[in-house]
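Each remark here refers to the structure printed beneath this line.
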Amino acid sequence: MTIAELARWLDAAGWARGVLLGLALFVLSSVVSLLAVTLVLVLLPPSHFRRPAPAARGRTGLVRWSGLVLKNALGLVLIALGVVLSLPAVPGQGILTILIGLMLLDFPGRRRLERALLRRPGVLPAINRLRARFGRPPVEID
């Protein structure tokens, strides 16, 4: 079957195009989510959840505040994406994406919430198995 024949068949079967598009988005979101979460968790310092958050030093007020706003906006987007990825019919790393989003946000009690997510059954062992696969030391929590 040539590409032209396939294109004609897809035009004739309009529903098939929607199904194929949905399938392609499903696979793409799975792969992108898995790669992004893996990259962040592997590059994370092992003591990230033990030490206090570093203070922004040497930055002017406007640069610091704009960076803070952008970082928090990205954190909110990742949390919303993680909630969607946690739904049963959507593929992806929901809890881990939420955790990464929380790591970007600045609010009182953030560290406590991060640790609570890490203590959920299977989350910390899964992170440490992934890190071990890439030769990284395990994540330490209090």
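Computed quantities for the displayed model
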quantity	calculated
Heavy atoms of GLU114: accessible area, 1.4 Å probe, square angstrom to 10	0
Cβ-Cβ FRET estimate between LEU118 and LYS71, R0 fixed at 22 Å, reported to 0.05	0.60
Extension gain (nm, one decimal) between ILE141 and ARG129, 0.36 nm per residue minus Cα-Cα	2.8 nm
Helix-derived mean residue ellipticity, 222 nm - over the chain, DSSP H n ≥ 4, -39500 (n - 2.57), to 500	-22500 deg cm²/dmol
Under-5 Å amide H pairs with PHE49, H placed in peptide plane, nonlocal only	GLU140
The chain - convex hull of alpha carbons, volume per residue in Å³	180
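The values are calculated or read from the model by the stated rules, or taken from the named source; none is laboratory data. Just so it is clear, the model here is predicted, and its values are computed rather than measured. Glycine also receives a Cβ, built like all others from the backbone with ideal geometry; neighbour counts cover every protein chain displayed. Accessible surface areas use protein heavy atoms only, side chains included; no ligands, DNA or RNA. Shrake-Rupley method; radii C 1.70, N 1.55, O 1.52, S 1.80 Å.
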